Structure formats: structure tokens, C-alpha cells
Amino acid sequence: MAVRGAAASVWLAPHIHVARDGDDLVVLDVDADAYFCLPQAAASLVVEAQGAQLSGLEPDVVLALREVGALVEEGTARSGAARLVPSRDLAGSLAASVRLSELSDLALSILEALIRFRCQALKEVIAVGGAPEAADLEVMERRALVFRTLWPWSPVQGACLFQALVLRIFLRRGGVTCDWVFGVRTWPFSAHCWLQSGDLVLNDLAERVAAYRPIMVT
């Protein structure tokens, strides 16, 4: 039987990310490449320290998290600016022309993504495309439009994770990057990911991704 009375604040392990959908708590274990859900566990949840510290959880929920290695004794706030709510996308827009160098870059990006998918764990895959010192928004949008134009012709497709990885590598090859957002929703459970710069969704519809609760941004 559950013990009532919210526990003190707890710290998440670096590989653990959480999101609240209604009163449900969804947990992403990056090391295990797995999600799990604790229904009705987030009714009083407060998330602090950029997603690294939780309070308001019942003791039995804290015990469950501790048993799966999701908690650490001491932690620090996570870095990263607050993500803007997606409100714009590139739907209906295509590149007026495509340069040969861009076509080559996309082909190499697809090849690199295939190799990474085959040889690397999720925690290594999501580390691709670190932020440059300054993002050129014009280059970023140009590259995203080229990707939208060419992607339907790619001999290799795949789910959202693979598509986002290809685009992130393609952006990196152009000297820019953006946020890689992972989101979840419950009843029924669904997980999704997309690339976003500010409030602009680069490879999906803003209306569609707004239905998901962000659980990790990298």
C-alpha cells in the first residue's frame, strides 16, 4: 500500500529525463533507450534546476525511481535555455533550387546516420551536432528547406529519430545546429522527436508536435 506524504526533493541521474502529462509521470532512460510511465504519480510534481530536481513525489514513487537507478544523492542544475513553444513550421515551403554541394552533403549525412544507427547507442546518437558559437539562421532555414525538398527522394527513409538525425548531421555540415526535442504523451502512450530553432519547427508541423510534452532537449 502506498505511503502518503510527499517526499523531499530528489535529484535525477544524468541519463534520466522526465515529463508530466496530466497527472502521469513519464521517464526516459537514455542509457537503456527506454521509456516507462508511472500513472497518477505527478499530481503534485514540481520540476526544478532545469529538469534535474524533482519535488512533490510520493515516497513510493521515489522508491520506484531509486530502485531503477534513476536518482542520485547529489546533483546540479542542467544547462540549456528554456525552449520556446513551437508556433511556426516550414509546411508548404521548398527550396527554389538545390546546389550540387547540398545534394552531396545530404547523401553523406544519410550515410553517416545509417552508420551511427547501426553502431552507436542512443546516448551517442543524440550527441551529434554540438552547438556552434553562433547560429546562422538564414543558413539553418536554407538547409531545412533543402532537406524538405530532397528527403522524399531519399532511398532510405525511417521514423522520426532517423529523420531528425539525418537533418541534424546535414545542418552540422552547413555549420549550424538547433535543438533536438523529444516529446511524449500518454493514453495512448506515444513518443516523438523533432528539430526546432526558437519557435520554428524544422522537420514537422508545429500543430502536431504541440501535442507532445517535451521530455528531453539536446
### Message
How high is the relative contact order of the chain? Use alpha-carbon pairs under 8 Å, at least six apart in sequence, and give a whole percent.
### Response
22 percent
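Express the carbon and sulfur contribution to the solvent-accessible surface of the chain as a percent, rounded to the nearest whole number, probe 1.4 angstrom. The partial results should precede the final answer.
Values: 6310 of 11370 Å².
The nonpolar share, carbon plus sulfur, comes to 56 percent.
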#### Entry: Gained length - CYS37 relative to ASP60, 0.36 nm times residue gap less alpha-carbon distance
6.9 nm
### Message
Can you give me the angle between helix 100-119 and the longest principal axis of the chain, using Cα atoms only, in degrees from 0 to 90, rounded to the nearest 10?
### Response
30 degrees
### Per principal axis, descending, Cα span of the chain in whole Å
64, 34, 34
### Query
Solvent-accessible area per residue for the chain at a 1.4 Å probe radius, Å²?
52 Å²
### Query
How large is ³J(HN,Hα), in whole Hz, for each residue of segment 211-218 in order, when computed from phi with the Karplus curve 6.51 cos²θ - 1.76 cosθ + 1.60 and θ = phi - 60°, using x for Gly and Pro?
6, 9, 8, x, 10, 7, 10, 9
#### Entry: Length released on extending from SER44 to VAL72, taking residue separation times 0.36 nm less the Cα-Cα span
8.0 nm
### Message
Could you give the length gained by full extension between SER154 and GLN120, i.e. 0.36 nm per residue of separation minus their alpha carbon distance, to one decimal place?
### Response
10.0 nm
### Message
Need one number: % antiparallel among DSSP beta bridges in the chain, to the nearest 5.
### Response
95 percent
### Task
Stick to Cα atoms and the Kirkwood definition of Rh, then tell me Rg/Rh for segment 137-216.
0.97
### Query
Roughly how much of ARG208 is accessible, in Å² to the nearest 10, using a 1.4 Å probe?
130 Å²
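Quick one: compute the contact order of segment 1-122, relative version, from alpha carbon pairs under 8 angstrom and 6+ residues apart, as a percent.
Values: 154 pairs, mean separation 32.0, N = 122.
Across segment 1-122, relative contact order equals 26 percent.
The values are calculated or read from the model by the stated rules, or taken from the named source; none is laboratory data. All figures in this text were calculated on a predicted structure; none of them were measured in a lab. For accessibility, only protein heavy atoms count, side chains too; no ligands or nucleic acids. Shrake-Rupley method; radii C 1.70, N 1.55, O 1.52, S 1.80 Å.
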